[in-house]
1. Taking GluC sites (Glu not before Pro) that fall in a DSSP loop and have at most 16 other Cβ atoms within 10 Å as cut points, what is the longest piece of the chain between them?
2. Measuring with a 1.4 Å probe in the full set of protein chains, what accessible area per residue, in whole Å², belongs to region 28-126?
3. With a 1.4 Å probe and every protein chain left in place, tell me how much accessible area T110 has, in Å² to the nearest 10.
4. Taking 4 °C and 1.567 mPa s as the conditions, I'd like the Stokes-Einstein D for the chain in µm²/s, using the Kirkwood hydrodynamic radius from alpha carbon pairs.
5. For K94, go through the lysines and keep the ones whose alpha-carbon is under 22 Å away, minus same-chain ones fewer than eight residues off.
6. Leaving out ligands, DNA and RNA, what percent of the accessible area of the chain is carbon and sulfur, probe 1.4 Å?
7. Over the C-alpha atoms of region 1-52, what are the Rg and the largest Cα-to-Cα span, Dmax, in Å?
8. If you rank Y102, Y97, Y48 by how much accessible surface each has, with a 1.4 Å probe, what is the order from largest down?
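The values are calculated or read from the model by the stated rules, or taken from the named source; none is laboratory data. Just so it is clear, the model here is predicted, and its values are computed rather than measured. When we count neighbours, we look across all protein chains shown, and the Cβ atoms used for this are built from the backbone with ideal geometry, even at glycine. Heads up: the accessible areas ignore ligands, DNA and RNA and are worked out on the full protein's heavy atoms, side chains in. Shrake-Rupley method; radii C 1.70, N 1.55, O 1.52, S 1.80 Å.
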Amino acid sequence: NPQSFLTAISQVAAQKNMWELDKLCTFTEVRKWVTIDEVEAPTRDGAYIIGMSMQGARWNGADVTIEKSKPKEMFCTMPVMSVRGVSVEKADFKGMYLCPTYQTLQRGPTFIFKAQLKTKSPPGRWVLGGVAMVMEVV
């Protein structure tokens, strides 16, 4: 269950830093690694996740931002992502698109969380484009 996994990441951060669990949020950072084999060591806080796909846009690994998808490209495979629990007060979401993440293409009832992805365009562009990440692409 992905929600339980993310809650566990936040719980570990809360215990480690003596924070209140309800004052934490999940923070994501896209890494440059494309495969899990490129990861050299485990993260000190949080976890690495892999296997996400972006729908409606694509990830530019060179600029480390979201960009317009190529013609006839439905999905873009995402690189390895770091997920960790951070204090809501310390979280900085400027220049970020809060990308909804779903378990399946059905979206609605399969919502998991909002991943923070860097963007050079206004976040509203991606909202209007229906950009989302999906865990399971069949």
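1. On the way: sites that count: E20, E40, E73, E89, E136.
In the chain, the maximal stretch lacking such sites is 90-135.
2. On the way: 5780 Å² over 99 residues.
For region 28-126, the per-residue accessible area is 58 Å².
3. 20 Å²
4. Details: Rh = 15.6 Å.
In µm²/s, the coefficient is 83.
5. K23, K32, K68, K114, K118, K120
6. Values: 4550 of 8360 Å².
Accessible surface attributable to carbon and sulfur in the chain totals 54 percent.
7. When restricted to Cα atoms, region 1-52 yields Rg and Dmax of 12.4, 35 Å.
8. Working: Y102 35, Y97 10, Y48 55 Å².
Putting Y102, Y97, Y48 in descending order of accessible area: Y48, Y102, Y97.
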